[in-house]
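> Here it is, the structure, as structure tokens.
The values are calculated or read from the model by the stated rules, or taken from the named source; none is laboratory data. Being a predicted model, the structure only gives us computed values, none of them experimental. Cβ sites come from the backbone with ideal geometry, for glycine too, and all protein chains shown count toward neighbours.
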Amino acid sequence: MAFVQLGKVTKRHKCIIYYALQILTPQEVAGLKNPAAIIAFGAHLRQLRVMRNMTQEALANEAGISRPMLQVIEYGKNSPTLDVLVSLGIALRLPIPELLNIPEFTQLPAEPPA
């Protein structure tokens, strides 16, 4: 099973986690395989969008997705499909590896089953 390891926890990370806990119900968190990674990706996506002075509406239109879908992704309530990731990368003019380069997390290799 793959897992995500949290690196150095900063005040920003604590704010992201606190914010996510305010909007995600325990059932929503339980339904996610890697909630911390999904929440971090949403925060990372929002940061990329804001750095480009884009509104949610503008990024959603550029990516060909709905604004509510983008909100769900940014809030960490759901993870995007590969198709949506590609569309977001094109809209942000970023290659997928760079879009997924979340500095706070390192994906560790899956351990073989015992």
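> What is the one condition in (1) in contact with a Lys or Arg (Cβ under 8 Å, 6 or more places away or on another chain); (2) at pLDDT below 60; (3) under 16 Å from residue 100 (Cα atoms) that residue 5 does not satisfy?
Looking at each condition in turn, residue 5 falls short on (1).
> If I filter the range 72-101 down to residues being within 9 Å of residue 42 (Cβ to Cβ) and of a type in the set (D, E, K, R), which single residue comes out as modelled with the lowest pLDDT?
77
> Additional query: Would you mind stating whether residue 108 is surrounded by fewer than 15 Cβ atoms within 10 Å (Cβ to Cβ) and at pLDDT below 55?
yes
Yes/no matrix, rows are residues, columns are (1) surrounded by fewer than 20 Cβ atoms within 10 Å (Cβ to Cβ); (2) at pLDDT below 95; (3) at negative phi:
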position	(1), (2), (3)
26	yes, yes, yes
30	yes, yes, yes
41	no, yes, yes
57	yes, no, yes
60	no, no, yes
64	yes, no, no
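> Name the residue that is farthest from the chain's Cα centre (by Cα), counting only residues in the range 58-75 that are of a type outside the set (A, V, I, L, M), within 20 Å of residue 100 (Cβ to Cβ) and not in a helix (DSSP H, G or I).
The residue in question is 64.
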